[in-house]
Amino acid sequence: MPRFAIVVFPGSNCEGDVLYALREVLGQEAVLVWHKETSLAGYDAALLPGGFAHGDYLRPGAIARFSPIMGSVISMAEEGKPVIGICNGFQVLMEAGLLPGAMLRNKTLRYVCRYVNLRVETTTSPLTRECRKGDVLRIPIGHADGNFYADPADLEELERGGQVMLRYSTPAGELADEANPNGSLNHIAGITNKEGNVVGLMPHLDRSYQPELGSDHGLRLFGSLVASVS
Amino acid sequence: MNGSQKALLETHHLTEDEYQQIVRKLGRQPNLTELGLFSVMWSEHCSYKSSRMHLKRLPTKGKRVLQGPGENAGVVDLGYGLAAVFKIESHNHPSFIEPFQGAATGVGGIIRDIFTMGARPVALMNSLRFGPLSVPKNRSLLEGVVAGIASYGNSTGIPTVGGEVAFEECYNLNPLVNAFCLGIAPKERIFLARARGEGNPVIYVGARTGKDGIHGATMASTEFDEAAEEKRPTVQVGDPFMEKLLFEACLELMATDALVAIQDMGAAGLTCSTSELAARGGTGIAIDIAKVPQREKGMTPYEIMLSESQERMLLVAKAGRESEVEAIFDKWDLHAVTIGTVTGDGMLRVRDRGTEVATVPCRALVEDGPLYERPLARPSYLEKTATLDLGSVTEPRDLGDVLVRLMSSHGLASKHWIFEQYDHMVQSNTIVLPGSDAGVIRLKGTPLALAMSLDGSGRYSYLDPYLGGALAVAESCRNLAAVGATPIGATNCLNFGSPEKPEVMWQFARVIDGMADACRALELPITGGNVSFYNDTEGESIFPTPVVGTVGILEDKTQRVSHHFKGAGDWIYLAGETTDEIGGSEYLKTIHGMIQGLPPRLDLEREKAVQAFTREAAARKWLRSAHDLSEGGLAVAITESLFGPLGEMVGATISLECPGRADTLLFSEAPSRMLMSVPPGQAEGLVSLAESFGVPLSRLGVTGGERLRVQLNGVEAIAIGLAALRDAWWSAIEKDMQP
């Protein structure tokens, strides 16, 4: 059975949600790994959960990238194993240089927590292999700094390389400014690295894995991850 | 007493009589440090000296109550070996002086009260009151307060699942910020703030002590004047990251058996935590303040003892287990420092290196403070406000226009601009999204869900404090019934003007009586709370504003109900009776500019029956929606039911018999009413169920269509397209908050 490592930084606060979805809902072997650890040997995938690692002081993810565990997160990424950053975890992966771009403050300058619609752009990532291109997923966001930015060259490369995984859309799957909750360039909600194994996304699949939570579309992303390491 | 002594007492907000009491208790004159200790512990904020004798009238016992008032928070039994720990607290004064930090540290303080008792915080709510948003200062207060709450709650990973916001002129210079927190603890492992065991180490953990917040408790116990801005240094600065580390570390420590007692350092800081731990434990405590981690050099014993620096905890551990405690805090990069020991002499001894700088009996600080039976006087304004001549209220011709104006008034408009700034989904337990009658979270590993609601009544309590108190309790319980939950406990936050005004004390006493009667009728124990007096600015008191936080249980979470219509073709019913009472209503204020009349009467037996009926219908899973009727009355409740949290819209066609005035029928705020929708197949069952509960039930219409249509006596009185109606309601606050 594959083993999932959930990396916990001081200030992380969604590790329990990721753990519950993987362990209790999907019956997987998932373990919380404290950021002071230095090895991820024996794990098939790593997830960096949401929260406020190191208080988000200085800049989200800016201090977390220096945590002792990050060396082995980078090694896992280089080995081609899935490394998934959700929300704050996405910000950490950007700061660590595993994913391109940066997060600006939301265009409203305010934190925003609500359900959004996401259009699946690629099905080659470890999170979307069980989706179809064009599928619209309803999954919530919760962040103050989720306004994706990349310089024109990087953005061009992301688009051309098929590295854009999810975009904010209307329920019908159309791209529109009203459906873009934070001002992200090209409506980007999630991306992968060039190799496709490192994934970052702002939406919380870990808050939408059962119908009673308002949606279980997050389970399709978790399910894809499980399938991709099984 | 000479002039400088008098001035000294004045700066400490102590009366000469209180000073003489101190001298008697010590058998000598206090030194300056000791005077400081007494001034904070005997402040209204810490001692409840004006309110204690009235609070005793509230019922505090119930079959699920494990801990009533007197501890950091109340505790109720949930079954499954679990307990809910919850409390509400005000941070009104700091939030006016510095809205962001004032509100943020209010959240921080209430979170500490909860985890102090061994509970993991799982939900936050807040009750806010501001002056009208047409005044720029109120917009900046709202902006700052919401951002402060968001910053603290979001970073600590606790969802803000509900709350309320109201606007009224009387809060112009005195906004109310009341924060509620609920945590879950193993029933067998509730920690109480009782220092026991002579020789056990007293350990300080968390942030260093600085000069911030000195005399915060006394600041909250006086009126404001033009110099309020000068009080900014008395507001503390919060660090939610530190709080998060602190509660994770404390909860980890609590899972061992090394801990004897624990208390947070909130109002009155180290003074309060040491003296309360010892007084409640029947022991004494001796500390050396030189060992207290300090943010800056040269702090005096007085400053260290009175500092209200945030994110600090005081522990009593078992002797010999110190290294275990230190190891846990080390993991979280926090330092645990032993600053003293538990003693057997009942004294608080504060040493600075070798010298004893304060020696005070702990009980004198905590339990033997002054107790006032302040004079009461019925305010004279009530003569003028009590009567409402309906004939003088012109009946509007265009009821659709009135409805749109009400839905877009800030009191009734959608609060999404506010609650979307709060993380309301973290911990993945939120199973009713904000916007319904109550917040509902599931408890993983059990079939249970907990519902919670915060409800205050300012205008009603101004017009009739007794009814205001009773109606706040009734509405809060009704909100729980609307989601299918049974109330099991409540906490209250009582926001009032100066207790030195007999009119304010009369309002206070009447509010307590109203709350007590409603609590008894609805079998709702009050397990703790907070009193905030001195909400006066430049001599003007706010409306008396009791806020009730109720907690309810659903034994089966799948029985929960939310407020919005779920689709076309369901039948709409109203449980309860509409009267023509519009005194104190939103309609009267917003449309006619009047704050006049008496609040609607409350029949507690009827209230109880409507709630029980709603719960039973929910338990049978007949209800597609249920929504309490409150501000704005029937027409507003129907309109709110058209819109779901994910953008859903369902129209409705309503047909009403209207023997009298249309405006009172549509906008009366008569209590004990519930709007519900059921599939037609359940209608017969619902009718006979209502009969068995003795609850009047009338069919109003059917869901569906693209409009809200209301017919009165067969004539169409309101017909509005859903999109326009939703936009008016949805974007009103957002639009007015644009810079």
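Across the range A:88-113, what is the total count of residues that are touching a residue at least 40 places away in the same chain (Cβ under 8 Å) and on the phi > 0 side of the Ramachandran plot? Break it down stepwise before answering.
Residues of the range A:88-113 that are touching a residue at least 40 places away in the same chain (Cβ under 8 Å), as a first pass: A:88-94, A:98-108, A:112.
Retained after the next criterion (residues that are on the phi > 0 side of the Ramachandran plot): A:101.
Result for the range A:88-113: 1.
Check whether at least one residue in the range B:187-206 is assigned to a helix (DSSP H, G or I) and without any contact (Cβ under 8 Å) to a residue 60 or more places away in the chain, and report yes or no. Spell out how you get there, then give the answer.
So in the range B:187-206, the residues assigned to a helix (DSSP H, G or I) come out as B:187-189.
Pick out the ones that are also without any contact (Cβ under 8 Å) to a residue 60 or more places away in the chain and you get none.
Checked against the condition, which is being assigned to a helix (DSSP H, G or I) and without any contact (Cβ under 8 Å) to a residue 60 or more places away in the chain, the range B:187-206 yields no hits at all.
Checking B:LEU141 against (1) in a helix (DSSP H, G or I); (2) surrounded by 24 or more Cβ atoms within 10 Å (Cβ to Cβ); (3) within 14 Å of chain A (Cβ to nearest Cβ): exactly one of these is not met. Which one?
That leaves (3) as the condition not met.
Quick one: which of B:ARG601, B:ARG624, B:ARG560, B:ARG615 is of a type in the set (Lys, Arg) and surrounded by fewer than 18 Cβ atoms within 10 Å (Cβ to Cβ)? If you could, list the steps in order and put the result at the bottom.
On the way: B:ARG624 fails: surrounded by fewer than 18 Cβ atoms within 10 Å (Cβ to Cβ); B:ARG560 fails: surrounded by fewer than 18 Cβ atoms within 10 Å (Cβ to Cβ); B:ARG615 fails: surrounded by fewer than 18 Cβ atoms within 10 Å (Cβ to Cβ).
After ruling out the rest, the residue left standing is B:ARG601.
Assess whether A:GLY85 counts as being away from every other protein chain (no Cβ under 14 Å), in contact (Cβ under 8 Å) with a residue 40 or more places away in the chain and on the phi > 0 side of the Ramachandran plot. Working first, answer last.
Numbers: away from every other protein chain (no Cβ under 14 Å): yes; in contact (Cβ under 8 Å) with a residue 40 or more places away in the chain: yes; on the phi > 0 side of the Ramachandran plot: no.
For A:GLY85, the condition - away from every other protein chain (no Cβ under 14 Å), in contact (Cβ under 8 Å) with a residue 40 or more places away in the chain and on the phi > 0 side of the Ramachandran plot - is not met.
Would you check which residues across the range B:453-489 are more than 21 Å from B:ALA386 (Cα to Cα) and touching a Phe, Trp or Tyr at 6+ places or on another chain (Cβ under 9 Å) and list them?
Pass one, the range B:453-489, residues more than 21 Å from B:ALA386 (Cα to Cα): B:453-455, B:473-489.
Correct list: B:LEU454, B:ALA481, B:GLY489.
Quick one: which of A:GLU78, A:GLU29, A:GLU24 is of a type in the set (D, E, K, R) and within 18 Å of the chain's Cα centre (by Cα)?
One residue alone meets the criteria, A:GLU78.
Which of the strands (runs of 3 or more DSSP E) found entirely inside the range A:158-230 contain at least 1 residues meeting this: within 14 Å of chain B (Cβ to nearest Cβ)? Spell out the reasoning first.
On the way: elements: A:164-169, A:188-192, A:198-201.
Fully inside the range A:158-230 and qualifying: A:164-169.
Would you check which residues across the range B:461-508 are over 19 Å from the mean Cα position of the chain (by Cα), under 23 Å from B:THR537 (Cα atoms) and of a type in the set (A, V, I, L, M) and list them?
Once the filter is applied, which keeps residues that are over 19 Å from the mean Cα position of the chain (by Cα), under 23 Å from B:THR537 (Cα atoms) and of a type in the set (A, V, I, L, M), the range B:461-508 yields B:LEU463, B:VAL504, B:MET505.
If you go through the range A:32-65 one residue at a time, how many are out of contact with any helix residue (DSSP H, G or I) (no Cβ under 9 Å at 6 or more places or on another chain) and either within 22 Å of A:ALA102 (Cα to Cα) or within 13 Å of chain B (Cβ to nearest Cβ) (or both)?
1
More than 22 Å from A:SER208 (Cα to Cα), within 14 Å of the chain's Cα centre (by Cα) and assigned to a strand (DSSP E or B), is that true of A:MET94? Please lay out each step first, then the result.
Details: more than 22 Å from A:SER208 (Cα to Cα): yes; within 14 Å of the chain's Cα centre (by Cα): yes; assigned to a strand (DSSP E or B): no.
No.
Taking strands (runs of 3 or more DSSP E) that fall entirely within the range B:279-386, which contain at least 1 residues that are without any contact (Cβ under 8 Å) to a residue 24 or more places away in the chain?
Numbers: elements: B:284-288, B:312-317, B:336-343, B:347-352, B:355-361.
So the answer is B:355-361.
Can you pull out every residue in the range B:477-498 that is under 24 Å from B:SER630 (Cα atoms) and surrounded by fewer than 24 Cβ atoms within 10 Å (Cβ to Cβ)?
First pass over the range B:477-498, keeping only residues under 24 Å from B:SER630 (Cα atoms): B:477-496.
Within the range B:477-498, just B:THR486 meets the criteria.
For residues that are farther than 30 Å from A:ASP17 by Cβ and either hydroxyl-bearing (Ser, Thr, Tyr) or within 14 Å of chain A (Cβ to nearest Cβ) (or both), tally how many sit in the range B:144-180.
Here is the first cut: in the range B:144-180, the residues farther than 30 Å from A:ASP17 by Cβ are B:166-176.
Subset that is either hydroxyl-bearing (Ser, Thr, Tyr) or within 14 Å of chain A (Cβ to nearest Cβ) (or both): B:171.
Count: 1.
Could you pull out every one of the helices (runs of 4 or more DSSP H) wholly within the range B:645-739 that has 1 or more residues that are modelled with pLDDT under 95 and out of contact with any Pro (no Cβ under 9 Å at 6 or more places or on another chain)? Steps first, please.
On the way: elements: B:662-667, B:683-693, B:722-730, B:732-737.
Per the criteria, B:732-737.
Going through A:THR108, A:THR122 one at a time, which residue ends up being polar (S, T, N, Q) and away from chain B (no Cβ under 14 Å)? Give the steps one after another, and end with the answer.
On the way: A:THR108 fails: away from chain B (no Cβ under 14 Å).
Just a single option satisfies the conditions, and that option is A:THR122.
For every residue, the table says whether it meets (1) buried (at least 24 other Cβ atoms within 10 Å of the Cβ); (2) away from every other protein chain (no Cβ under 14 Å).
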| residue | (1), (2) |
| --- | --- |
| B:LEU399 | no, yes |
| B:HIS410 | no, yes |
| B:HIS416 | no, no |
| B:LEU454 | yes, yes |
| B:SER461 | yes, yes |
| B:GLY468 | yes, yes |
| B:GLU500 | no, yes |
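Looking at (1) within 20 Å of B:ILE190 (Cβ to Cβ); (2) at pLDDT below 95; (3) not in a loop (DSSP other than H, G, I, E, B), can you tell me which one B:ALA261 breaks?
With respect to (1) within 20 Å of B:ILE190 (Cβ to Cβ); (2) at pLDDT below 95; (3) not in a loop (DSSP other than H, G, I, E, B), B:ALA261 is out only on (2).
I need a count of the residues in the range B:484-521 that are among the hydroxyl-bearing types (Ser, Thr, Tyr) and in contact with a Pro (Cβ under 8 Å, 6 or more places away or on another chain).
Residues meeting the conditions: 0.
Among the residues of the range A:17-31, which ones are surrounded by fewer than 22 Cβ atoms within 10 Å (Cβ to Cβ) and either assigned to a helix (DSSP H, G or I) or within 12 Å of chain B (Cβ to nearest Cβ) (or both)?
A:LEU19, A:TYR20, A:ARG23, A:GLU24, A:VAL25
Matching residues to (1) of a type outside the set (Phe, Trp, Tyr); (2) outside any loop (DSSP other than H, G, I, E, B); (3) in the same structural domain as B:ALA268 (by TED's automatic domain parsing); (4) free of Cβ contacts under 8 Å to residues at least 12 places away in the same chain:
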position	(1), (2), (3), (4)
B:SER4	yes, yes, no, yes
B:GLU34	yes, yes, no, no
B:SER39	yes, yes, no, no
B:PRO59	yes, no, no, no
B:GLY62	yes, no, no, no
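Could you identify the single residue in B:PHE543, B:PHE565, B:PHE643 that is farther than 30 Å from B:PRO175 by Cα and either of a type in the set (Asp, Glu) or in contact with a Lys or Arg (Cβ under 8 Å, 6 or more places away or on another chain) (or both)?
From the options B:PHE543, B:PHE565, B:PHE643, the qualifying one is B:PHE565.
For the range A:125-157, what are the residues that are basic (Lys, Arg) and within 14 Å of chain B (Cβ to nearest Cβ)? Quick ask: steps written out before the conclusion?
Step one: list which residues in the range A:125-157 are basic (Lys, Arg), which gives A:129, A:132-133, A:138.
The one that is basic (Lys, Arg) and within 14 Å of chain B (Cβ to nearest Cβ): A:ARG138.
The values are calculated or read from the model by the stated rules, or taken from the named source; none is laboratory data. What you are looking at is a predicted structure, and each value in this text was computed from that prediction instead of being measured. As a convention, Cβ positions derive from the backbone with ideal geometry for all residues, glycine included, and neighbour counts pool all protein chains shown.
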